[in-house]
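Since the structure comes first, as structure tokens, the remarks are kept for the end.
The values are calculated or read from the model by the stated rules, or taken from the named source; none is laboratory data. For clarity, every value in this text was computed on a predicted model and none was experimentally measured. Every residue, glycine as well, gets a Cβ built from its backbone with ideal geometry; the counts of neighbours run over all protein chains shown. Surface areas here come from the heavy atoms of the whole protein model, side chains and all, with no ligands, DNA or RNA. Shrake-Rupley method; radii C 1.70, N 1.55, O 1.52, S 1.80 Å.
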Amino acid sequence: MKKTITIIDTFGFLFRSYFALPPLRSNSGFPTGLLTGFINFIASVGKDFKTDYIVFALDAKGDTFRNELYSNYKAQRPEAPEDLLAQLPIAISWIEQMGFKTAIKTGYEADDMVASIAKDAVLKGLEVRIVSHDKDLYQLISDENSVYLFEPTKKEIINEAKCIAKYGVLPREFTDYQALVGDTADNIPGVKGVGAKTAEALIKEFKNIENIYNNISKIEKARVQNLLLESKDNAFLSKKLVTLKDDCHFIDNIDEFILPLENPILKIANELENYDMNRILDRVNKNGLSYKTAIPKGVVNEQKSE
């Protein structure tokens, strides 16, 4: 049986945790919703799914090659809420305090780190489980290589069949699909006027944007032809922007990423007490050290709401 490595899309997961939970606060008034969601996740590792190795992928500060290709990349993103920004550095510091490994490199986004680790893990014969809500990572899914996404809210494994059911294209076609539809969240231009259904039909017929443009005269609808021709440069630019880099080798020494045996939550006991997250500690102390078996599924939210 293959061993499994779990790769966390850290910022994406934490952002979703912040918006998924009510505005929890400690007794002193400090926001704790994101932190609670994060510790709930740590408590569920080994219960929602089994894993042998784990690593948290992080975004590096500064620009990447995508900013050089397109100065407006992610330019329209709104400012994150202050409560979220206050909790992020705490959660990141807890990752290392608990003994987990992070993956970060200048010039790479977290998604690129995920892609690189996944590629290396496949070469090492590992099954890969990527914890993320981010559709950009669908391009990495491979049933053949045992690379799957894990949607932590629904606790759902996303394989090739589920990618097809949701978007109508195979994971290996996903960057071409994104090159057509664009992405308003990241300010990826795509082909203006081409929506999901048209993109799906084009990819099903031609498989990729190179074939689409090489066979543009075979597209029956004149309107679609014109839209594609008007946005040709943006289509190829968009494909470059959404294609993840996988050349950052990071897990040469796989033993560094072994899932800790001792419950990592105990290592930040004082921190949790400072933020009045005492019920989690009570459960850990009561049930023992092995977080893979001791903590009940779905640690409850314990702070008060605003």
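Taking every DSSP beta bridge that has both residues in segment 110-168, what percent is antiparallel when rounded to the nearest 5?
Of those bridges, close to 50 percent are antiparallel.
Among Ile219, Ile258, Ile130, determine the one that fluctuates most according to a GNM of the chain built with springs between C-alpha atoms less than 10 Å apart.
Fluctuation is largest for Ile219.
Can you give the charge dipole size of segment 1-71 about its Cα centre, rounded to the nearest 20 debye, using +1 on the beta carbon of Lys and Arg and -1 on the beta carbon of Asp and Glu?
Roughly 280 debye for segment 1-71.
Compute the long axis of helix 82-97 from its Cα atoms, compare it with the longest principal axis of the Cα atoms of the chain, and write down the angle in degrees, 0 to 90, nearest 10.
In the chain, helix 82-97 runs at an angle near 70 degrees to the longest axis.
Whenever you get a sec, compute what percent of the accessible area on the chain sits on carbon and sulfur atoms (1.4 Å probe).
It is 48 percent, rounded to a whole number.
Among bridges DSSP assigns within the chain, what percent are antiparallel (round to 5)?
Antiparallel bridges: around 35 percent, rounded to the nearest 5.
Treating the beta-carbon of each Lys and Arg as +1 and of each Asp and Glu as -1, no other charges, what is the dipole magnitude of the chain about its Cα centre, to the nearest 20 debye?
760
Quick one: what Rg and Dmax do you get for the chain from the alpha carbons, in Å?
Considering the chain through its Cα atoms, Rg and Dmax are 21.1, 69 Å.
Considering the chain as a Gaussian network with a 10 Å cut-off on Cα pairs, which listed residue, Lys119, Lys47, Lys61, attains the greatest mean-square fluctuation?
Lys61
So how tilted is helix 232-242 from the main axis of the chain? Cα-based, degrees 0 to 90, rounded to 10.
Between the helix axis and the principal axis of the chain, the angle is about 20 degrees.
Scale the Cα Rg of segment 1-116 by the rule-of-thumb value 2.2 N^0.38 Å and send over the ratio, two decimals.
With N residues counted in segment 1-116, Rg over 2.2 N^0.38 Å equals 1.17.
Provide, as a two-decimal number, the C-alpha radius of gyration of segment 86-184 over 2.2 N^0.38 Å, N being how many residues it has.
1.18
Can you tell me the mean projection area, over all orientations, of the convex hull of segment 55-128's alpha carbons? Units nm², please.
6.5
How far is helix 196-206 tilted, in degrees, relative to the longest principal axis of the Cα atoms in the chain, given as a value from 0 to 90 rounded to the nearest 10?
The answer is roughly 60 degrees.
Please sort by residue number the trypsin sites (Lys or Arg not before Pro) in segment 211-250 whose DSSP state is loop and whose Cβ has at most 15 other Cβ atoms within 10 Å.
Loop-located and lightly packed - Lys221.
Let me know the charge dipole size of segment 203-251 about its Cα centre in debye, to the nearest 20, where only the beta-carbon of Lys, Arg (+1) and Asp, Glu (-1) is charged.
It comes to approximately 160 debye.
Roughly what percent of Cα-Cα pairs across segment 165-219 reach past 19 Å?
Value for segment 165-219 (Cα pairs over 19 Å): 21 percent.
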